Amino acid sequence: MAALIGSAQAQSADDLKRDSATPGDVLTYGMGYNNQRYSPLKQINTKNVGKLRPVWAYSLNNSQSQESQPIVYNGVMYVTTHNSTVALNPVSGKQIWKQDIELPQDVFKMACCGILNRGVAIYEGKLFRSTLDAHVMAMDLKTGKQLWKMKAADYQNGQAMTSAPLIANGVVITGIAGGEYGTRGFIDGWDPETGKHLWKFYTTAAPDQKGGDTWPGDTHEKGGAPTWLTGAYDPDLDLVYWGTGNGGPWNPNARKGDNLYIASVLAMRPKTGELVWHYQFSPNDPYDYDATEVGMLVDMKIGGKTRKVLTQANRNGFMYVLDRANGELLAANPYVKVNWADSIDLKTGRPVHSEIDKKARAGEDVEIFPSVVGGKNWTPMSWNPSTGLAYANTLNMSWPYQLAKPEYKKGEWYLGVNFRGVTMPKDEPHGYLSAIDPMTGKSKWQMAWPAQPSMAGTLSTGGDLVFTGAATGEFMAVDARNGKKLYEFLTSSGIIGLPVTYEIGGKQYVTVVSGSGGVWALLGDERMSQVPAGGSVWTFALD
């Protein structure tokens, strides 16, 4: 079996590095340290994808949001929910083991945004995951038996853990959620063998730290900058890239200054947590423009020269390209409608604020593009090296914005904004599957979502396909070169998760987790009431 070649070493550091080049398995979140979510597999391609069929479905027995990315290793698939971890046969769907997690009941009142978990990491015989009550745990890969469990934060303050850990240079690295609760964000490093805490990097700078002068008084203590998605890693540079989220409160006048390191990408040494460089996308961010979805590590030609870059479709509506060795800004262009900034100054790296933004900061009631859910929300995009395009589910909506007085109460949202949801355009689609040129931000093609926007991730393959899903439950394949929909199958619930593909026994499979919810459900779109809840894992192959 292709998936089993070299499997005895497939959890070593070297094999994690090679994950993107070994399509027989899926060892890392992002289908490779580069987070490109690309597979060279092409048994399923544009000519035959119409013959794709579901080969098995597995019930997760869970009615909450399902955003887990499956990991596939040595003939076993690992999937998480907020309160369980399951091991499945990836060919038949048969359950191998399942371990439940006991959670305190009051944690469900705290966690933002959605009751969920996004997946696991594996390394040297162990599986690592986080829990909603802010713990990190290690389990035995073969049995699911708990090996160690460590507390990262106090969930009663509003902090939670939802993302998959990242294993980089022998360190388990995790982030934290809770930026809406007046918390202070951080990134942790853990010893994979014992769970010993190795280092902590706070993502809001204290007065005695570099960047501390960007926070007035003690505002950094409740300054947000959550780190609730998994980073990327360049083993050659030995740099981990991690995105940070919004400032706390959303009202920027309560924390005047750039507020390092909110709404930024951080390049760090995995062994020590040392910060090597940073780039801040939205200084003093008022609009909840999280940069937690770190983006992709891509080698691309710029000006006739191949550059090692990090590219991110930021929630603020701009597509960024940075040199990933030093953080130099190479390009920043809008990929959706933007009115809070006129442009990004390539020399300073800072936004050129618009008149609308100035009115918003002055307390006027204005309409801001993109909305609070961003030009693209948390779900990752994917890359196809043959087209040179990034494939992302983008959003087309605004939000009414007006400042309010911020009031901090432990365990409650700390916004300082008159929050009234989002505004949908009347005569336009609310979102698109977009094929974006990172250097220009322009889309080569867009496939409109007719009913409501997609919050699912994308998967690109050597068969010139893009796989993704709809909020209404359809799993689909699209031609990467022209956006033509080639295949569609209605799963049992809405799709907000991350598809993966792998090969076993010479046969290519595609798997996605189905189960509606997440941030879109919290916004109260009444059409979601017609989509049944219930988590399940669906796997497809050619007939």
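Throughout, read-outs are computed from the coordinates displayed, never taken from laboratory work. The structure presented is a predicted model; accordingly, all values stated were derived computationally and were not measured. Neighbour counts are summed over all protein chains in view; Cβ atoms, including those assigned to glycine, are modelled from backbone coordinates with ideal geometry.
Whether any residue in segment 208-215 is within 24 Å of the chain's Cα centre (by Cα), buried (at least 19 other Cβ atoms within 10 Å of the Cβ) and in a loop (DSSP other than H, G, I, E, B) is what I want to check.
no
Of the conditions (1) buried (at least 23 other Cβ atoms within 10 Å of the Cβ); (2) in contact with a helix residue (DSSP H, G or I) (Cβ under 6 Å, 6 or more places away or on another chain), Gly257 clears all except one; give me its number.
Unmet for Gly257, out of (1) buried (at least 23 other Cβ atoms within 10 Å of the Cβ); (2) in contact with a helix residue (DSSP H, G or I) (Cβ under 6 Å, 6 or more places away or on another chain): (1).
Looking only at segment 368-417, which residues are outside any strand (DSSP E or B), farther than 22 Å from Leu522 by Cβ, small (Gly, Ala, Ser) and within 23 Å of the chain's Cα centre (by Cα)?
Of everything in segment 368-417, just one residue is outside any strand (DSSP E or B), farther than 22 Å from Leu522 by Cβ, small (Gly, Ala, Ser) and within 23 Å of the chain's Cα centre (by Cα), namely Gly388.
Pick from Ala138, Ala153, Ala160: which is small (Gly, Ala, Ser) and surrounded by fewer than 23 Cβ atoms within 10 Å (Cβ to Cβ)?
Result of the check over Ala138, Ala153, Ala160: Ala153.
For segment 262-306, please list each of the strands (runs of 3 or more DSSP E) lying entirely inside it that holds at least 3 residues being more than 19 Å from Ile187 (Cα to Cα) and touching a residue at least 24 places away in the same chain (Cβ under 8 Å).
296-302
What are the residues in segment 37-51 that are surrounded by fewer than 23 Cβ atoms within 10 Å (Cβ to Cβ) and touching a residue at least 12 places away in the same chain (Cβ under 8 Å), if any?
Scanning segment 37-51 gives Pro40, Leu41, Lys42, Gln43, Asn45, Thr46, Asn48, Val49, Gly50, Lys51.
Just name the residue that is surrounded by the most Cβ atoms within 10 Å (Cβ to Cβ) out of those in segment 354-365 that are touching a strand residue (DSSP E or B) at 6+ places or on another chain (Cβ under 6 Å) and either touching a residue at least 60 places away in the same chain (Cβ under 8 Å) or over 14 Å from Val417 (Cβ atoms) (or both).
Looking at residues that are touching a strand residue (DSSP E or B) at 6+ places or on another chain (Cβ under 6 Å) and either touching a residue at least 60 places away in the same chain (Cβ under 8 Å) or over 14 Å from Val417 (Cβ atoms) (or both), I get Ala360.
Sort through Thr174, Thr244, Thr204 and tell me the only one that's of a type in the set (Val, Ile, Thr), crowded, with 19+ Cβ neighbours inside 10 Å and touching a His at 6+ places or on another chain (Cβ under 8 Å).
The match here is Thr204.
Would you check which residues across segment 408-443 are more than 30 Å from Asp365 (Cα to Cα) and buried (at least 17 other Cβ atoms within 10 Å of the Cβ) and list them?
Residues satisfying the conditions are Leu433, Ser434, Ala435, Ile436, Asp437, Pro438, Met439, Ser443.
Going by the structure shown, is Ala168 small (Gly, Ala, Ser), surrounded by 17 or more Cβ atoms within 10 Å (Cβ to Cβ) and in contact with a His (Cβ under 7 Å, 6 or more places away or on another chain)?
no
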